[in-house]
Structure formats: C-alpha cells, structure tokens
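Written out below as structure tokens is the structure these notes cover.
Please treat every number below as a calculation from the coordinates, not as lab data. These figures come from a predicted structure and were not determined experimentally. A quick note on method: Cβ atoms are made from the backbone with ideal geometry, for glycine too, and the neighbour counts reach across all protein chains shown.
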C-alpha cells in the first residue's frame, strides 16, 4: 500500500483540520464516508458557535430588560416616598397650625381655594384713563385700561418709599430729628406735609405713618436722609427694588412723587409694587389704618394725629360682597387723580390701581367704588351659578 508523505512541520505545529482533509483526500480518494464525517463535524462546530453567540445575545437582552424594570421600580418607589413625605409634612403643618391658633385661618384658606373667582372683568366706563385690577394671590390681571402705558404716579410713589424704608430700618422705634435742610424746597413746590417741624424728634414708625396716611413729604426726606445719607442715594435703592420686582416701565427721580418728566410708572407696575408691599406686616398695618396718633414730641406735647387721604374721602368702605381695606392716593396737575387700593371681595383680595383721572372732587375714589362694586356683583353671580 502506498502512503503519501506527510510534510515535516519545522515548528511542531498541530495538524489542522484543513491539513487532515488534504491528507485523507489524497490517501483515501473516493472515500465519501470520511468526507461525510468531516462535514458533519464542521456543522456541529458551527452550530455550537451559533448557539453560544445566540445565548450571549439573549443574556444581554435579558439584562437590559431587567435593568429597565429595575429603574421603573426604583422610580415608582421614589415617587411614592416623595408623595408620602409631602402628606406627612402637610399633616404636620395642619397640626402645628391648629395648635397655634391658626386652625380657622387654614380652614378659611382651604375653603377659599375651592371658591370660584372672577377671571375677567370689564372695567371700562370709569374716569381714569389708566387702570389695572389684579388678584393679590397669584398676581392675575383680570381687568385693565392701558395698564402698560406710561403715566405719572404722583404720591403713589410713596408706596415704594415706605416699603424700602421699612426693609432698611433696623429699629422702627429709632428716633430721628428733622433738620431745616429736609424742608428745603418743599414749601416752594407746595408739597403736602404731615405736620412735623424742623428740630422735631420723632420715631421712625411715626414717619412711616406720616408718609402713607397724610402723604407727608418731609417724612419721606427724613427717612431717606437717615437711611442713605441723601434722597438721591435712597432713590437709587427705590429703582433697584423696582428692577428686582420686574417694574420695567418705572423710573423714580424722588421719594415724594412731585412732578418730574423722568419720574414715571405704569398702572400695572404700581399694582405689582403694592402686591409685594402687602406681604410686609408693618406696611399692611400702616396702609389699613384710617388714622394714626403719635406720642408726645419735643415740639408737639400732645402728639399729632394723621388721617388717611383715602379713608377720609370714603363715607363707607363697604362695597358689594366686600370691603375696601386700604389705599394710597396721589395728585399733581400732570398726573391727575391717582389711587392704589386693595379690597377683599368674597374672601379674595384684589388690587386696583387707577391714574390720570381729571376733574374736581374725588373721581379716583369713585372709580374704586365703581370697579369694586362691579367685581362684587360678578362674584355673587358666579357663586349663584356654581
């Protein structure tokens, strides 16, 4: 029998499957059985490789699916935990609030949230060419007339003067002595004054009442000089606060609102300002006061009693389904009659700012009565239809 010579492998490499097939083919030509065995072996190896590849793919897909399920479960647990924490915090707030005598306020707040509110009101037909009616909670404007148009704010400026002073005074009982310099120019400009005199020493809180109730210009200057050293520097604080509140249509030149062509605002900006100021308890107490009496001073042994320029022109603060709570008037020849007020209608607070009213009498006060009565009637109709 003849045997083919197997080539010598110099590096002692193992005989590969290809080599074996070549050898067998050359030595066993015509032997189909051997070829069948080899093909079968190759098919078996190929199937094993395919199964291994498929198994790895299945394991990867299974791991991905498991990972997605785990993430969903973790997200669900996190949402559940947050919801439970919020419920616990709410319960604690209710319990603590009730224990501190706030129970009725909380009940009223929840009840108020359930009440329907007027979302839009026609305020046309009033004397003022500029007007904005705004909900205190949320700041939603529900009625306006040229609310973004530039106007002169007159003494509504003193809302900003007062809130900036409150926020910068360390002690409201601090005693301040008014100097002659603080009165310079006020008489010439016919500025309204509260009644303090040069050389008089008064408390800061009395000056704040003097700014808001009788619209005293000397009180504005005294507070500005005490806090900032000059009225100009205090006005810079006022404009800084206006910018922070988003009052983009406003520029202040003085603390009093005396006319200046570059001293302007809008009805909407003043509404935004009043909404902010009402969050301060001291400011709210001042603006809601019909009058204020100071203690004895070195010049007024019996003190001075101030009266609100708004309340003294209101024979009755009651309006349909509510009441006018407070406000600040203003007037110059260029600004016309102005009023920034707020009222509570059916348990919800609203701000009304009007400006530019002309004529004699109290057209700005009449506008407030007209709008608030109209709002109260709309609220009643809404409640009856719910």
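Suppose R0 equals 35 Å; then what is the FRET efficiency for residue 299 and residue 236 from their Cβ-Cβ distance, rounded to the nearest 0.05? That gives a FRET efficiency of 0.65.
Put in line by how crowded their Cβ is, counting other Cβ atoms within 10 Å and starting with the fewest, 237, 245, 339 read 245, 237, 339.
A simple spin-label model places the labels of residue 323 and residue 38 11.0 nm from each other, with each point 7 Å out along Cα-to-Cβ. Between the beta carbons of residue 261 and residue 360, assuming R0 = 22 Å, the FRET efficiency works out to 0.30 to the nearest 0.05. Quickly work out the residue 75-to-residue 281 label distance, labels modelled 7 Å from Cα along the C-beta direction, and quote it in nm with one decimal. Between residue 281 and residue 75, the label points sit 4.5 nm apart.
The value of relative contact order for the stretch 254-386, using C-alpha pairs under 8 Å at least six residues apart, is 20 percent. The slack between residue 68 and residue 175, meaning 0.36 nm per residue of separation minus the straight C-alpha distance, is 31.6 nm.
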